[in-house]
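Take a look at the structure below.
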Amino acid sequence: MSRPFRYTFILALVAFGACLAALGGWRYARASAPVNGPIILISIDSLRADHLPAYGYRNVNTPAIDALAKDGVVFERAYAHVPQTLPAHATLLTGRLPFETGVRDSVGFALKGSERQLPAMLRDRGYATGGVVSSYLLRKDTGVGQGFTFFESETQVRPGATAADLQRDGAESERIAERWLDSAGTARAFLFLHLAEPHKPYAPPERFAEYTPYDGEIAYADEIIGRLMRYLKAHQLYDRSTVILTADHGEGLGDHGEQEHGLFVYDEVLHIPLVIKQPAGEGAGRRVKEVVQQIDVVPTVLDLAKAPIPGNLRGRSLTPALTGNGRMAARPAYAESYYGRLHFGWSELVTVTDGRYRFIEAPQPELYDHEADPGERDNVADARPEVVAALRGQLRDFHSTVTPRHDTTALTSDDRERIEALGYVGSYVPPPAESSGTDIADPKDKHDIVERYRAALDLAASGEWDQAIDRLRALLRKEPGLVDVWLHLGRTASRADRHDVSADAYKHALQLAPALSEARLGASSALLRLRKLDDARRYAEQVVADAAPNDNESLAGAHELLARIALARREQELARFEAELAEAADPNRPVRAYVEGRLAYDQHHYEDAIEFFEPALASLGQSQQRPLADLRIYAADTLKQLDRTAEAENLLLEEIRDVPWSARARAGLVALYRAAGRSDEAAAIAHH
């Protein structure tokens, strides 16, 4: 080899080595540097992985999610830990399992202040943190908002709100998220965006009518995600962003008899999408087959942000799968549902999967082989005792035999009605035993009760009172011990003006739960409408006698009823006295002004009556409380007597909006329209 050639060769080797070193240094710098753009976590409520084209589905188009999957890493086997919105999000945002956070159900639980969530961990690293959620189930007092600098959870929580009212349109949530990103003043921001679509009710915009309602809502959610991605691109943030798209849980869609979610722990409610797009398209197009879990999201984000990962997290960072620089050891994925236990007194369900097999611990244990039976139809527990033993052993690492206690005492009756409108029916059950056993009902044998219950409430929400009453009665003939169903029958019959049925239903509830204040108040109200005033007073007085000193809702309701009973008996001073006690229990309810207005109205002193009614109306208008019974009715008639018909009409329309079952409001509006010669409008209201 000639000397010049040798020198050239050596120089080439040096240059090549320098390039390798530079490349290695660049890759090391990328691996060691924290992400410098936004971190965006998107949770799509009730989204099944197997209803996305990115997971092989062909019956809906999702171009935005498809593009995100193309630019990111798709985890094909990601699992949720509980099929309910609140506990799933508590897990997603803390990285801790339900029995660790203590949030086991969407009813009667809240995240403790001692639980540190991902936004708080990132805020400590200098991130601006914003959360926008779209469901009443994630309202601020659940604790999910703690740790966020900005948290927006407002929904329409007016009395009688339907499931649609209790979920904000995802497009509006996305607009709020954009405004927050605009105001954050930094690209170092963490955004958590929750979309309620496709949670029940499935009511996508008309432009998605070609799909089933559930798939149509998925297409709408995809459209919303597309808007957010366009915003990021327009602000030169997309390439710098880390975007994580996932779901809290899936949806039953009848696969195992459950149309919605909450009760069962099969794959349709636990297998969720998980897509992670990294800055600059790192790892784009990679697909990961290993089993991963919701609890892996927090350590992954912290790892990408180069933030310390707390030692109390069972999950692990998924960065080896994101970079392709290493394999992850197999880990079992745990999930649970205490819905049947806490809502109906049936057995809880706990499950573990190792990827191939899913084992479900229940009074009738279940084992499914996902390779041979991906739809989980053939229970092979008896044929594979060795697999059952192995997975049951893994389950012992997670599962405690102590049944969690849910505290529903802080829930108002309006809160409970709103939660039930979203499908989480059932609250009043006998105190649970400390351990499960074969004498406890298996939810597999009882799921039709939940379905029939939800169907009856859907009818009631649609104003189909008589059909709802028939469905509830049929259910009670089969399961007469369900206190909740008796309460719903009482409430529904009251709204249908069938007060005899209502009173009887509340009395049945009291036979099962003698001290239940909601049943006593319901019976009192129904008996007042029936003019059985002595019996009405007796039930209301029982509430006062037995109420705990801090049970202001029950005390206020009882004294308010006693004031109305006194008005019906023309006992003026007693009505005033009870009104004072009602306001002492709840200063936000203007019962005294209402009583004074009623007394003046009964004496045909309409100018005096409206002087009391108007401030009472203004006071209630500033809150989200249920309307005072008949306040708008009497105020509207007073205004009519004073020839202020336009104001009377507005009040009656407000009453129908907030209390759509009010027959008195509709009758008053019909009379007002007929008196004004507006016969077409009168007919429309009368036949609504």
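The values are calculated or read from the model by the stated rules, or taken from the named source; none is laboratory data. Note that the structure is predicted; figures quoted are calculated from it, not measured. Here the Cβ is made from the backbone with ideal geometry for all residues, glycine too, and neighbour counts use every protein chain on show. All accessible areas refer to the heavy atoms of the entire protein, side chains included, with ligands and DNA or RNA removed. Shrake-Rupley method; radii C 1.70, N 1.55, O 1.52, S 1.80 Å.
Calculated mean residue ellipticity at 222 nm for the chain: -15000 deg cm²/dmol, from DSSP H runs with n ≥ 4 weighted as -39500 (n - 2.57), summed, divided by the residue count and rounded to 500.
Return one number: the angle in degrees, 0 to 90 and rounded to the nearest 10, between the long axis of the Cα atoms of helix 533-546 and the longest principal axis of the Cα atoms of the chain. It works out to around 50 degrees. Converting phi to 3J(HN,Hα) with the Karplus coefficients 6.51, -1.76 and 1.60 and the offset θ = phi - 60°, region 679-685 yields 5, 5, 5, 4, 5, 5, 5 Hz in sequence order, with x at every glycine or proline.
Applying 1/(1 + (r/R0)^6) with R0 = 30 Å to the Cβ-Cβ distance of Asp448 and Arg392 gives a FRET efficiency near 0.60.
Roughly how many Å² is the accessible area per residue of region 188-303, as a whole number, for a 1.4 Å probe?
29
Karplus-based coupling profile of region 199-205, in residue order and whole Hz: 4, 3, x, 8, 9, x, x, with θ = phi - 60° in 6.51 cos²θ - 1.76 cosθ + 1.60 and x standing for Gly or Pro. A DSSP coil position with no more than 14 other Cβ atoms inside 10 Å describes the following GluC sites (Glu not before Pro) in region 136-230: Glu154, Glu210. Amide H contacts under 5 Å for Ser135: Arg168, restricted to partners 5 or more places along the chain or on a different chain, H placed in the peptide plane at 1.01 Å from N.
Whenever you get a sec, compute what percent of the accessible area on region 638-688 sits on carbon and sulfur atoms (1.4 Å probe). Summing carbon and sulfur atoms, their accessible area is 51 percent of the total for region 638-688. Amide H contacts of Arg626: none lie under 5 Å away among residues 5 or more positions distant or on a separate chain (H built 1.01 Å from N in the peptide plane; Pro and chain starts excluded). If you take all other residues with their beta carbon under 11 Å from the beta carbon of Leu97, and give Lys and Arg +1 and Asp and Glu -1, the sum is 0. For the chain, the relative contact order works out to 12 percent when only alpha carbon pairs closer than 8 Å and six or more residues apart are counted. With Cα atoms defining each centre, region 515-574 and region 278-356 are spaced 52 Å apart in the structure.
Rounded to the nearest 10 degrees, what's the angle between the helix 499-512 long axis and the longest principal axis of the chain, both from Cα atoms, 0 to 90? Between helix and principal axis, roughly 60 degrees.
To check you understand DSSP bridge types, tell me what percent of the beta bridges within region 64-217 (both residues inside) are antiparallel, rounded to 5. Taking every DSSP beta bridge within region 64-217, about 10 percent pair in antiparallel fashion. Hey, what angle do you get for helix 552-568 against the long axis of the chain, alpha-carbon based, 0 to 90 degrees rounded to 10? Tilt relative to the chain: about 20 degrees. Of all lysines in the structure, those lying under 19 Å Cα to Cα from Lys532, and not within fewer than 8 positions of it along the same chain, are Lys507.
Each part gets one Cα centre, and for region 75-91 versus region 452-496 those centres are 31 Å apart. With a ≥ b ≥ c taken as the square roots of the eigenvalues of the C-alpha gyration tensor of region 45-117, please select rounded if a/c is under 1.5 and otherwise prolate if a/b is larger than b/c or oblate if it is not? Verdict is prolate for region 45-117.
For Val292, the residues whose amide H sits under 5 Å from its own are Arg77, Ala78, Tyr79, ignoring neighbours fewer than 5 places away on the same chain, with H placed 1.01 Å from N. Expressed as a whole percent, the accessible area of region 128-191 that falls on carbon and sulfur atoms is 46 (1.4 Å probe).
Working note: Karplus 6.51/-1.76/1.60 with θ = phi - 60° gives region 349-354 the couplings 10, 10, 8, 9, 10, 9 Hz, where Gly and Pro are set to x.
Taking packing as the residue-averaged number of other Cβ atoms within 10 angstrom, the listed peptides 554-565, 226-237, 297-308 run from highest to lowest as 554-565, 297-308, 226-237. Expressed as a whole percent, the accessible area of region 327-404 that falls on carbon and sulfur atoms is 48 (1.4 Å probe). Note on Arg327 and Asn550: with the Förster distance fixed at 45 Å, the Cβ-Cβ geometry gives a FRET efficiency of about 0.20.
Using r as the Cβ-Cβ distance of Asp124 and Phe577, and R0 as 51 Å, what FRET efficiency do you calculate, to the nearest 0.05?
Details: r = 55 Å, r/R0 = 1.09.
Here the calculated transfer efficiency is 0.40.
Listed by chain and number, the lysines whose alpha-carbon sits under 27 Å from that of Lys233, ignoring those within fewer than 8 places in the same chain, are Lys70, Lys277, Lys306. Placing a label point 7 Å from the Cα of Asp66 along the Cα-to-Cβ direction, the residues of region 216-234 whose backbone N falls under 15 Å of that point are 219-220, 222-223, 226. When Rg and Dmax of the Cα atoms in Å is calculated for this entry, the matching label among [x] 27.8, 112; [y] 29.2, 98; [z] 29.4, 123 is [z]. Which residues among region 565-594 fall inside the zone where the amide N is under 18 Å from a point 7 Å beyond the Cα of Asp602, along Cα→Cβ? Answer for this model: 565-582, 591-594.
By per-residue mean of other Cβ atoms within 10 Å, what is the highest-first order of 440-452, 483-495, 324-336?
Listed from highest to lowest mean packing, they are 483-495, 440-452, 324-336.
Between Glu541 and Ala372, the modelled label-to-label distance comes to 7.0 nm, taking each label 7 Å out from Cα in the direction of the beta carbon. For region 309-360, the solvent-accessible area with a 1.4 angstrom probe is 32 square angstrom per residue.
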